[in-house]
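Read the structure below first, then the notes.
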Amino acid sequence: MPCFLAQELIPGYWGSREGTYCPPKGYLAADENTAAFDAYEATFPKKEKAFQDGQLPVLWKITLSLQ
């Protein structure tokens, strides 16, 4: 992960302290071992986009008809 940007909610709260973010081990597993991750992902059924009545506003019907 090249960078992590954060903003203090209370200005000056951390004073002059600085730090570096390090993602936990295994957090970027898909990037570290792509072949194994792709094989794992292939064990799941293909995802299909589906909407249920009341799930989204009527706008999605308009958006889909424009595609």
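How far is it, in nm, from the label point at Tyr27 to the one at Glu48 when both lie 7 Å from their Cα along the line to the Cβ?
3.7 nm
What ³J(HN,Hα) values, in whole Hz, does the Karplus curve 6.51 cos²θ - 1.76 cosθ + 1.60 give for the range 32-43 when θ = phi - 60°, with x put for Gly and Pro?
Values per residue, Gly and Pro as x: 7, 9, 5, 5, 5, 5, 5, 5, 5, 4, 5, 6 Hz.
Just subtract the alpha-carbon distance of Glu8 and Ala39 from 0.36 nm times their residue separation and send over the number in nm, one decimal.
Between Glu8 and Ala39, full extension yields 7.1 nm more.
Give me the net charge of Ala6's neighbourhood, meaning all other residues with Cβ under 14 Å from the Cβ of Ala6; Lys, Arg count +1, Asp, Glu -1.
Its environment carries a net charge of -1.
Computed from the coordinates by the stated procedures, all read-outs in this text should not be read as laboratory data. The model shown is predicted, which means the values in this text are computed figures rather than measured ones. Reconstructed Cβ throughout: ideal geometry from the backbone, glycine too, with neighbour counts over all protein chains shown.
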